[in-house]
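The values are calculated or read from the model by the stated rules, or taken from the named source; none is laboratory data. These numbers were taken from a predicted model, which means no experiment stands behind them. Cβ: placed from backbone, ideal geometry, glycine included. Neighbour counts: every protein chain shown. Areas reflect the complete protein model, heavy atoms only, side chains present, ligands, DNA and RNA absent. Shrake-Rupley method; radii C 1.70, N 1.55, O 1.52, S 1.80 Å.
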Amino acid sequence: MKVNEVVIIFFLLFASMGVFSQDRADYPELLVTPRASERLKIESESEGRKPWNFQWAITVSAMTTLVAGLMQEEDPSKDPEGNSGKAGILIGGGWLAVNAFMVYGVRGYKSAYQKVSPMPASSTRDALTRERLAEEEINRLGRLARTMKWLSFATNGLASIQLLSNAKADTTSEVVDMLAIGASLFPLLFTSHWEDVAHEQQQYKKKIFGPVASSMLLPVTVGERTRLVPGIGLTASF
């Protein structure tokens, strides 16, 4: 086999590697494992198995605020009408109701999968559309979870501070109110499952963008002449 024929074979090989890598870069949604639609199905099937575990950090914060409101002993000089305890009961009980509604009423992953699953996936275009919409649903739930945790922190934190500022000195109320303030930080310290799933799915997708091989012509100087010879280049993006 002549040298020119060998060069042509290697050039075609490198070119095919470049085309394959380009496909990988163009459609990572179709190559990620599990796909976004598959992840929605997995999560929808396990969504109702541990309802008490949904947004548990918010639940703990809300329950502590509720208990603090129920146990509140107001200082008459600071809160003559005795309304500070009612605020704790309202906010803490409200967040428990919101969490219960999200678990038993909304069923985020199940609802999202019911939107995506009927969509066709026979062609590349249809499959890509389906996966991108499934990914949007996963990210939407992740954003909703982040919004909920910040709202929980703000409302439970402010309610707990108000309880503490109006509590009678040297009583159990002061201790419980301080515990409620500490518990209001839980949603910021611990991520929820919706956030974890959205983050994990993005990480899986990023791994598709590994080192990408592509063919190129490289200048090589032989003596006084410079020639272009086929070569291979590696690029990596993260």
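A few comments on the model shown:
- Single condition Val60 does not satisfy, out of (1) β-branched (Val, Ile, Thr); (2) buried (at least 21 other Cβ atoms within 10 Å of the Cβ); (3) modelled with pLDDT of 95 or more: (2)
- Among the residues making up region 32-59, those that are assigned to a helix (DSSP H, G or I), under 29 Å from Leu188 (Cβ atoms) and more than 15 Å from the chain's Cα centre (by Cα) are Ile42, Ser44, Ser46, Pro51, Trp52, Asn53, Trp56, Ala57, Ile58, Thr59.
- Here Val116 does not fit the description of being open to solvent by less than 50 Å² (accessible area, probe 1.4 Å), of a type in the set (A, V, I, L, M, F, W, C) and touching a strand residue (DSSP E or B) at 6+ places or on another chain (Cβ under 9 Å).
- Candidates Leu30, Leu40 - the one that is of a type outside the set (Val, Ile, Thr), touching a Leu at 6+ places or on another chain (Cβ under 9 Å), at pLDDT 80 or above and surrounded by 14 or more Cβ atoms within 10 Å (Cβ to Cβ): Leu30
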